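Trainee: Can you keep this structure in mind? I'll have questions shortly.
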Amino acid sequence: MPTITSIMAELKKRGTEKTRKIYGRHGMVTDNMFGVSVADLKVIAKTIKGQQSLACELYATGNMDAMYLAGMVADGSKMTPKELTAWAEGAAGLQMISEYTVPWVTVEHPQGRELALQWIKSKKEHVASSGWCTYSGLVGTKPDDALELREIEGLLDTVVKGIKAAQNRVRYTMNGFVISVGAYVKPLSKQAKAAARQIGVVSVDVGNTACTVPVATAYIEKLEAAGRAGKKRKTIRC
């Protein structure tokens, strides 16, 4: 039976300096990570699938590899809002966690929308980013008739008015939210495209990488041309 000790030992064994440097170039804090590839994390995740308590133990280590693995394994619907908020708060300097792991599990929770709205208002860059990514996940997975369309329209307006003054990663995730609404919410397609035109090209420091920030107008148009607009996802986990 895998334990926190055995899993951490396995993570340490699979970590590489090359992967740590890649994460560092993306602007993440590398002090507490082994540098395990996502491919290797997926292999380990299969061996501990369904072990909720172990997933929570892994996240609590503060080790980025363990935290990402925790998000692959944990069932967000079994967590409390307090636990989910603690996960969001604990992801400082680790956008792989704040923008992927935390939203993965929060979208599964019945109060995911309320948490997203709460986090969006945070002055902490990583928490606000988790909020925007979580709401993006909700619009991408929930049927349109289960969404608060007027609220989402208001959030689009919030992006238009506040994106230029927002913190670095918050700008990135706000831009992603506009794309998600345009890609997945047919009743708000017109509004999302209008917001995309207004925000234009969004400037974000993506570290010492060749990464680029998607231009929302072009991204939405590309999805529409491919006939993919409005098609919901089963999960936001990748």
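Trainee: What are the residue pairs meeting all of these: first residue in segment 210-234, first residue free of Cβ contacts under 8 Å to residues at least 12 places away in the same chain, second residue open to solvent by 90 Å² or more (accessible area, probe 1.4 Å) and part of a loop (DSSP other than H, G, I, E, B), Cβ atoms under 8 Å, and 6 or more apart or on different chains?
Mentor: That search, which allows pairs on different chains as well, returns nothing.
Trainee: Tally up the residues in segment 141-161 that are surrounded by fewer than 19 Cβ atoms within 10 Å (Cβ to Cβ), under 16 Å from A196 (Cβ atoms) and in contact with a helix residue (DSSP H, G or I) (Cβ under 9 Å, 6 or more places away or on another chain), please.
Mentor: Number of matching residues: 4.
Trainee: Residue check: is E99 of a type in the set (D, E), in a helix (DSSP H, G or I) and either open to solvent by less than 40 Å² (accessible area, probe 1.4 Å) or without any contact (Cβ under 8 Å) to a residue 12 or more places away in the chain (or both)?
Mentor: Criteria met by E99.
Trainee: Give all pairs with beta carbons closer than 7 Å in which a residue from segment 109-126 that is under 14 Å from L84 (Cα atoms) meets a residue that is assigned to a loop (DSSP other than H, G, I, E, B) and among the aliphatic types (A, V, I, L, M); count only pairs at least 6 apart in sequence or on separate chains.
Mentor: Pairs that qualify, where the first residue is under 14 Å from L84 (Cα atoms) and the partner is assigned to a loop (DSSP other than H, G, I, E, B) and among the aliphatic types (A, V, I, L, M), are H109/M79; H126/A91; H126/A92.
Trainee: Does V36 meet the test of being among the hydrophobic types (A, V, I, L, M, F, W, C), touching an Asp or Glu at 6+ places or on another chain (Cβ under 6 Å) and over 27 Å from G112 (Cβ atoms)?
Mentor: Values: among the hydrophobic types (A, V, I, L, M, F, W, C): yes; touching an Asp or Glu at 6+ places or on another chain (Cβ under 6 Å): yes; over 27 Å from G112 (Cβ atoms): yes.
So V36 fits the description; yes.
Trainee: Where residues in segment 24-51 are among the β-branched types (V, I, T) and in a helix (DSSP H, G or I), which of them is surrounded by the most Cβ atoms within 10 Å (Cβ to Cβ)?
Mentor: If we take residues in segment 24-51 being among the β-branched types (V, I, T) and in a helix (DSSP H, G or I), then I44 is surrounded by the most Cβ atoms within 10 Å (Cβ to Cβ).
Trainee: Hey, another quick one. Quick check on K186: is it farther than 24 Å from T101 by Cβ and surrounded by fewer than 21 Cβ atoms within 10 Å (Cβ to Cβ)? Steps first, please.
Mentor: On the way: farther than 24 Å from T101 by Cβ: yes; surrounded by fewer than 21 Cβ atoms within 10 Å (Cβ to Cβ): yes.
Judged against the criteria, K186 is a match.
Trainee: Additional query: Taking segment 52-74, which residues are crowded, with 18+ Cβ neighbours inside 10 Å and assigned to a loop (DSSP other than H, G, I, E, B)?
Mentor: Scanning segment 52-74 gives N63, A74.
A quick yes/no check of all residues on (1) part of a helix (DSSP H, G or I); (2) aliphatic (A, V, I, L, M); (3) in contact with a strand residue (DSSP E or B) (Cβ under 8 Å, 6 or more places away or on another chain):
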residue	(1), (2), (3)
V139	yes, yes, no
E151	yes, no, no
G154	yes, no, no
G162	yes, no, no
R171	yes, no, no
Q191	yes, no, no
A210	no, yes, no
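Trainee: Please list, ordered by first then second residue, the pairs with beta carbon atoms under 8 Å, 6 or more apart or interchain, first in segment 157-170 and touching a residue at least 60 places away in the same chain (Cβ under 8 Å), second small (G, A, S).
Mentor: Close Cβ pairs (under 8 Å, with a partner that is small (G, A, S)) amount to R169/S98; R169/S129.
The values are calculated or read from the model by the stated rules, or taken from the named source; none is laboratory data. All values reported here derive from a predicted model rather than from experimental measurement. Please note: Cβ atoms are built from the backbone with ideal geometry, for glycine as well, and neighbour counts cover all protein chains shown. All accessible areas refer to the heavy atoms of the entire protein, side chains included, with ligands and DNA or RNA removed. Shrake-Rupley method; radii C 1.70, N 1.55, O 1.52, S 1.80 Å.
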